[in-house]
Every structure is written in C-alpha cells, then in structure tokens.
There are 2 protein chains.
Amino acid sequence: MRLSELSAQSGVSIATIKFYLREGLLPPGERLSASRAEYNDVHLRRLRLVRALIQVGGMSVARTKDVLSAAEDDSLDQHQRFGAAQSALLGDQGPEVAALQPGEKARATVDELLEEVGWGECRGYPAYWMLVGAVASLERLGYPSDLAHLRPYASAAAPLAVFDLGVIGEYPPGEAQLEAVVALTVLNEPVLLALRRIAHAYVSGRTFSAGTGEGAAG
Amino acid sequence: MRLSELSAQSGVSIATIKFYLREGLLPPGERLSASRAEYNDVHLRRLRLVRALIQVGGMSVARTKDVLSAAEDDSLDQHQRFGAAQSALLGDQGPEVAALQPGEKARATVDELLEEVGWGECRGYPAYWMLVGAVASLERLGYPSDLAHLRPYASAAAPLAVFDLGVIGEYPPGEAQLEAVVALTVLNEPVLLALRRIAHAYVSGRTFSAGTGEGAAG
C-alpha cells in the first residue's frame, strides 16, 4: 500500500508517519521511485503499536525507540529481550520514583516478599526498583507498607502473570511475539488499574454509602 | 513548628512549601506575627501527601488541588467523596485514553463484564470510561480484548478492593480517612504494576529462557 493508504488504514496522519519514519520508529517502505514507497501489513501493525505506546502508554518518542530496539535485538534470547523491553518501558515511568531514594527498610521488605513468593531471582530487575520506590513512598508517608499489606498485591499479580504469558505464548515466536509482550504489558496496565478502581467504587458503595439499601434494585 | 522545621521534617524546600500555601494545597499556619506562622502535624501530613501525589502520582498542582477539595467537601457522604476524589484523580490520566474515542464494541464488552462480576452499578463512573478506553485500544490494535481475556483482571482486582477498603476503614472517619483513600489509591498503583512486571519476568524466565536450569541455584 502507499503512504496515503497506510495513513487511512491506521488513522495516523501522513506528517506523523513521515516523522516516525525519520525517527526510525517505523522501518522504511520498499522504494518504488524517488518519491514513492510501498508499505505492507508489518508497517501497519508497527504503526499501530507505536501509536499505542505513545498515546496509551504515554511514552516519549525516544523511549518508544529504545523499547522497540530492545525487543528486536537478535543477540539476546527471548527472556532477555523481554527483560530489555521491560527495562526500556520502565524508563519513562521510573525517574520520579527512583528520585525518592528508597530506604533500606523498603528494600528489606521487598526482598522478604520476593523470597516468600519465590521470585527472589528477580531482585535487581527494573521492576524491582520500581517496587522498592513505591514501598518507600508508602513508608515515608506513614501508610502501611509491611509484608501483610504487600502480600495481597503479590497474590493478585501472580495468576495474572501466568495468564498474560499464556496469551503471549500463543503468538508466533519472533517480532510478533515481542510486539505482543510490549503491547500487552502496557495496554493491560490501565485495564488492571481501572478494574481496581471500579471494584473500589463498588465496595465503597457497600461499605460507606449514607443510603440504607443493602440490595441493589434490579 | 516553624516553616523551617516543617521543611526539614518533610524534606520539601521552603520555597516549594510557600508555593503550595499560595496555591491552597496546604492550609495556612496559625499566624504568630506578620512574618511568622506556626505549623503542626496536620500540615506535615498534608505536605507529604501533596508531595506524593505530585511526585509518585505524577499529578499536576491544579489536579492535586481538585482531588483534595473533592475529598474535603462536607456536603457529600463518604461514598460520594470517595467517588469525587477518584474522579479528580482520573483527570490527569484519562485524556489520552478518552481521546481514542472508544467504540461501541468495547463498551458492550465492558458492560457484559461488569454485569457478570456484579459491578453493573458502576457503569458511567470515571474508572468505567478509563476501562472502556483501555479495552478499545486493545481491540483497535488487534490484541485480545474479549470477556475471556478481561475476566482474569477482574478476578485479580476484586479481592484487592476488599482488602484496600478494609485498610481504609481502619482510619478514623473524616479527613484522615479521605487522605488515606487518595494516598492508598495512588501509591498502591505502582506497587501493583511493579509486582505484575516482576511476576512477568519470573514466569518469562521459566517459559522462554534459553537456559536449561529448571531449578534455580540456592
């Protein structure tokens, strides 16, 4: 397909596509003449992914490029590429958390939790530091941040990860699977947070509402 | 305590505290003279909360003010204040998601999910639209977004919400509890996302690693 069709099918403007091409977020099309190139479904899929990372994931162009490069590095095995993509993904979200200089206590709590759950080998991973920072914030503000308050979150995350990796495993190994890793990691985060907030609203209605109604109508 | 001590105890600079006071994020201290005021533990706790919302939650000053105002509105019952705070919280995170113009299909899927789980009364809440937007993104990118793929996320969120509200219920009703609602909603989001990513890394290591090691050393 031509550039104009790629734009129409993806809903991304021609100017933005040209920008992504210049930035290397999108591989070049097959050149037909000095001013025309042919694009295919790989371009379309990649374009949608880039758009999602930037719009839904709130990632910068530079960070999106890092994530895609990591996911495509052939010198790494699949688990390492997953880790590299995760690490790059975290880059946009971590700085404020990291800047809080997590204390030793938060780190000890997280280490104890990971040992207990059996994830001790993940110590030092990017997401590990994200967690240490988050626990340190809770602690500094005087909110509960001990094992008893973290355990239910680990219990919620564990079956989700098994489910997510199962979904990812259904994609053919290679670029499509790595795209799925990045896309499903980022795109399902708002799903999880939104459902937690909906559940909060529901439980709050049952617990704190001024009304008397125990049983909802209908 | 004086302004200098409030700064020392909170780790927030005097200039920033003065800015928060001007913006109304922090109630004024008790005036001792034209140039001096006395602050107490309420100021210290509020200052830490504001700092956390801005640094950890990535919220703007204006949005932080909205959240705190909603949480303090005496004309609302507790459940309504919770909702108002949630709604204000969402303001900073929703725009990109909302801009994607969720389709009818995503909405129908979400409605079906909420009916199934028993949360149908939460239709139309701010977090509902956050979820519809997230599901629409998955759908548009061609990633699984049907009931079967959303159900595990609802199953993970449900017990967490019961746990979270139990923690919140331990705070004395009034401002401290509403601060806890806001703080624990925001501060535990990175905890949950980090644990999901750590769990991903762990399961990915078991599933995709090039290595043979079934049993980890030690």
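Here are the numbers:
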read-out	value
Flag if A:L68 is without any contact (Cβ under 8 Å) to a residue 40 or more places away in the chain and within 21 Å of the chain's Cα centre (by Cα)	no
Every residue from region B:122-134 that is at the interface with chain A (Cβ under 7 Å from one of its Cβ atoms) and either aliphatic (A, V, I, L, M) or touching a Cys at 6+ places or on another chain (Cβ under 7 Å) (or both)	B:A127, B:Y128, B:M130, B:L131, B:A134
Among (1) without any contact (Cβ under 8 Å) to a residue 60 or more places away in the chain; (2) under 16 Å from the mean Cα position of the chain (by Cα), the one test that A:L187 misses	(1)
Residues that are buried (at least 19 other Cβ atoms within 10 Å of the Cβ) and without any contact (Cβ under 8 Å) to a residue 60 or more places away in the chain, drawn from region A:32-58	A:Y39, A:H43, A:L47, A:R48, A:V50, A:R51
Selection count where residues are over 17 Å from A:T16 (Cα atoms), modelled with pLDDT of 75 or more and surrounded by fewer than 18 Cβ atoms within 10 Å (Cβ to Cβ), scope region A:59-75	2
Filter pass, B:S10 being more than 30 Å from B:L131 (Cβ to Cβ) and modelled with pLDDT of 75 or more	yes
Tally of residues being closer than 25 Å to A:D111 by Cα, surrounded by 23 or more Cβ atoms within 10 Å (Cβ to Cβ) and either touching a Phe, Trp or Tyr at 6+ places or on another chain (Cβ under 7 Å) or of a type in the set (S, T, Y) (or both) across region B:161-184	1
Residues satisfying the stated conditions in region B:144-163, i.e. at the interface with chain A (Cβ under 8 Å from one of its Cβ atoms), in contact (Cβ under 8 Å) with a residue 12 or more places away in the chain and either over 18 Å from A:T185 (Cα atoms) or not hydrophobic (A, V, I, L, M, F, W, C) (or both)	B:A158, B:L160
Helices (runs of 4 or more DSSP H) enclosed by region B:97-203 - at least 1 residues per element that are at negative phi and of a type in the set (F, W, Y)	B:126-140, B:147-169
Candidate set from region A:21-55 (those that are over 19 Å from A:A176 (Cβ atoms) and within 18 Å of the chain's Cα centre (by Cα)); member that is modelled with the highest pLDDT	A:I54
Matching option when the condition is in contact with a helix residue (DSSP H, G or I) (Cβ under 8 Å, 6 or more places away or on another chain), closer than 30 Å to B:M130 by Cβ and of a type in the set (A, V, I, L, M, F, W, C), among A:L26, A:L76	A:L26
Qualifying position, being in a helix (DSSP H, G or I) and over 23 Å from A:R140 (Cβ atoms), among B:S35, B:S69, B:S75, B:S7	B:S69
Those residues of region A:164-189 which are acidic (D, E), within 7 Å of another protein chain (Cβ to nearest Cβ) and closer than 16 Å to A:A52 by Cβ, in sequence order	A:E189
Complete set of residues in region A:86-129 that are at pLDDT 90 or above, surrounded by fewer than 14 Cβ atoms within 10 Å (Cβ to Cβ) and hydrophobic (A, V, I, L, M, F, W, C)	A:A108
Residue check, A:E189 of a type in the set (D, E, K, R), at pLDDT 80 or above and within 26 Å of B:P152 (Cβ to Cβ)	yes
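The values are calculated or read from the model by the stated rules, or taken from the named source; none is laboratory data. Just so you know, these numbers come straight off a predicted model, no measurement behind them. Neighbour counts run over all protein chains shown; Cβ positions are idealised from the backbone, glycine included.
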